[in-house]
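**Student:** To start, I am sharing the structure in question, which I have written as structure tokens.
The values are calculated or read from the model by the stated rules, or taken from the named source; none is laboratory data. None of these values were measured; they are calculated from a predicted model. So basically every Cβ, Gly included, is an ideal-geometry build from the backbone, and we count neighbours across all protein chains shown. These accessible areas exclude ligands, DNA and RNA; they are computed on the full protein's heavy atoms, side chains included. Shrake-Rupley method; radii C 1.70, N 1.55, O 1.52, S 1.80 Å.
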Amino acid sequence: MAPPTLDARTWRYLAAHRVARMTTVDAAGRPAIVPICYATDGHAIYSALDAKPKRVPPTDLRRVRNIVANPAVALVVDDYAEEWADLSHLIVHGTASLVAPGTADHAAAIARLRDKYPQYATMPIEAQPVIAIRPRSARFWAATPDGEQAAAEPARDLDFDALVRGRRSVRAFRPDPVPRALIERVLDAARWAPSPHGRMPWRFAVLTEPAVKARLADAMGDTWRATLAMDNDPPAVVAQRLAHSHARIREAPALILLCLYTADLDHYPDPDRQAAETTMAIQSLGAAAQTLLLAAYRLGLDGGWMCAPLFCPDTVRGALDLPPTLVPHALLPLGYAAKDPKRRPRLPLDDLVVRWE
Ligand SMILES: Cc1cc2nc3c(=O)[nH]c(=O)nc-3n(C[C@H](O)[C@H](O)[C@H](O)COP(=O)(O)O)c2cc1C
């Protein structure tokens, strides 16, 4: 196998993105461009000839004919955002070849593609060659160090103990935006949380637009005001708690709404097993949240956990126009800590282990 040609940061940027634009050229030098899904292994970039309805058989595709005539290809992967400080792109030049079905390299590439794109799970991509691009050179560009950070080494390159002990709940953030690529890396990490039957019974809604955050905060505030009124709390206390919660939602640079999604779970005729299945899904949602928060912390971000959506799922769904199959469970604010929070002490291990024999 050829030695790796790109640096670790470049491979990470590629791995964190989901679509590239690839140019090929024919024998006469005429260029063609096509969007591709791809997976990487630290040596090459792989793209399937998938079985989406097309006018020609996959091996007659122009990109395949071009690669056979001239293996030189170029790729661009990029982040566009209206906040231009977040702009970044990566241009890769390389040499493409076709990996034939039935070989170990082909099987490994197919496995990587299916791992990255669940859509491929049911497509017969294993019957077609895979395009393998060996990079020769790459050029990364980011508008600001912030954008660059999205692809850079983790801001907190911690060992495991320091990571799990360092993660903390932060309730006030600096106003700095969170680069989109960092959010993608955080969500990508959460995909690896354990889940019942591997069904991943959770979905994410990412909220960064001020107007959307304000709409959600207003809607949740209205519902919460009605709930607090039932508790007969003094109006000043109610007002203060509402203002605090409203500000937490509005001022978080990014919010991840973690929703329970049970449609893909097993279904049982008896309520006990059905309830256990739902409990497992909720346990898994907690695992996804913790994975996400640890990934965020490692990337130099901080996160928090707001359970409020659990108490007003209809309100949250309505404010964000989410389908009824999604049950909002937690809002995880993400950003850069305004100050180090006070930590809660932990019980000693002896208090937690009830039997060990
Ligand atoms: C299921 C769950 C719900 C939580 N809900 C809230 C919440 O609504 N508001 C909040 O400020 N923190 C919330 N937290 C965060 C906890 O208060 C926090 O994790 C705990 O105090 C330990 O602090 P640490 O995260 O800094 O270690 C929640 C945590 C969990 C696991």
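**Student:** Take Thr291 and tell me if it is within 15 Å of the chain's Cα centre (by Cα) and either within 13 Å of the ligand (Cβ to nearest atom) or assigned to a helix (DSSP H, G or I) (or both).
**Tutor:** The answer is yes for Thr291.
**Student:** Condition (residue is of a type in the set (S, T, N, Q), free of Cβ contacts under 8 Å to residues at least 24 places away in the same chain and either touching a helix residue (DSSP H, G or I) at 6+ places or on another chain (Cβ under 6 Å) or more than 12 Å from Val130 (Cβ to Cβ) (or both)) applied to region 110-119: is it met by at least one residue?
**Tutor:** Yes, there is a match, as at least one residue in region 110-119 is of a type in the set (S, T, N, Q), free of Cβ contacts under 8 Å to residues at least 24 places away in the same chain and either touching a helix residue (DSSP H, G or I) at 6+ places or on another chain (Cβ under 6 Å) or more than 12 Å from Val130 (Cβ to Cβ) (or both).
**Student:** Right, another one. Look at Pro196 and say whether it is open to solvent by less than 60 Å² (accessible area, probe 1.4 Å) and within 26 Å of Asp321 (Cβ to Cβ). So that I can check it myself, show each step before the final result.
**Tutor:** Numbers: open to solvent by less than 60 Å² (accessible area, probe 1.4 Å): yes; within 26 Å of Asp321 (Cβ to Cβ): no.
Criteria not met by Pro196.
**Student:** Now, a different point. Those residues that are of a type in the set (A, V, I, L, M) and without any contact (Cβ under 8 Å) to a residue 12 or more places away in the chain, I need them from region 159-212; list them, please.
**Tutor:** At the first step, the residues of region 159-212 found to be of a type in the set (A, V, I, L, M) are 162-164, 170, 172, 178, 181-183, 186-187, 189-190, 193, 200, 205-207, 211-212.
Of everything in region 159-212, those that are of a type in the set (A, V, I, L, M) and without any contact (Cβ under 8 Å) to a residue 12 or more places away in the chain turn out to be Ala162, Ala211.
**Student:** Could I ask something else about it? Conditions: (1) at pLDDT below 95; (2) open to solvent by less than 70 Å² (accessible area, probe 1.4 Å). Ala275 meets all but one. Number of the miss?
**Tutor:** So the condition that Ala275 fails would be (1).
**Student:** I'd like the full set of residues that are over 19 Å from Arg65 (Cα atoms), of a type outside the set (Asp, Glu) and either outside any loop (DSSP other than H, G, I, E, B) or open to solvent by less than 50 Å² (accessible area, probe 1.4 Å) (or both), limited to region 87-105.
**Tutor:** Leu87, Ser88, His89, Leu90, Ile91, Val92, Ala104
**Student:** Here are some residues: Ala252, Ala229. Which one is on the phi < 0 side of the Ramachandran plot, of a type in the set (A, V, I, L, M, F, W, C) and open to solvent by less than 60 Å² (accessible area, probe 1.4 Å)?
**Tutor:** Ala252
**Student:** Can you find a residue in region 167-177 that is away from the ligand (no atom under 16 Å from the Cβ), crowded, with 19+ Cβ neighbours inside 10 Å and not β-branched (Val, Ile, Thr)?
**Tutor:** no
**Student:** What's the total number of residues in region 245-283 that are under 30 Å from Pro177 (Cβ atoms) and within 15 Å of the ligand (Cβ to nearest atom)?
**Tutor:** Final tally of qualifying residues: 13.
**Student:** Sticking with this one: Just give me the residues in region 320-357 being more than 10 Å from the ligand (Cβ to nearest atom), over 22 Å from the mean Cα position of the chain (by Cα) and either under 26 Å from Arg180 (Cα atoms) or buried (at least 20 other Cβ atoms within 10 Å of the Cβ) (or both), in sequence order.
**Tutor:** Ala338, Lys339, Asp340
**Student:** Within region 115-129, take every residue that is under 16 Å from Asp60 (Cβ atoms) and outside any helix (DSSP H, G or I) and give me the one that is least open to solvent (accessible area, probe 1.4 Å).
**Tutor:** Pro129
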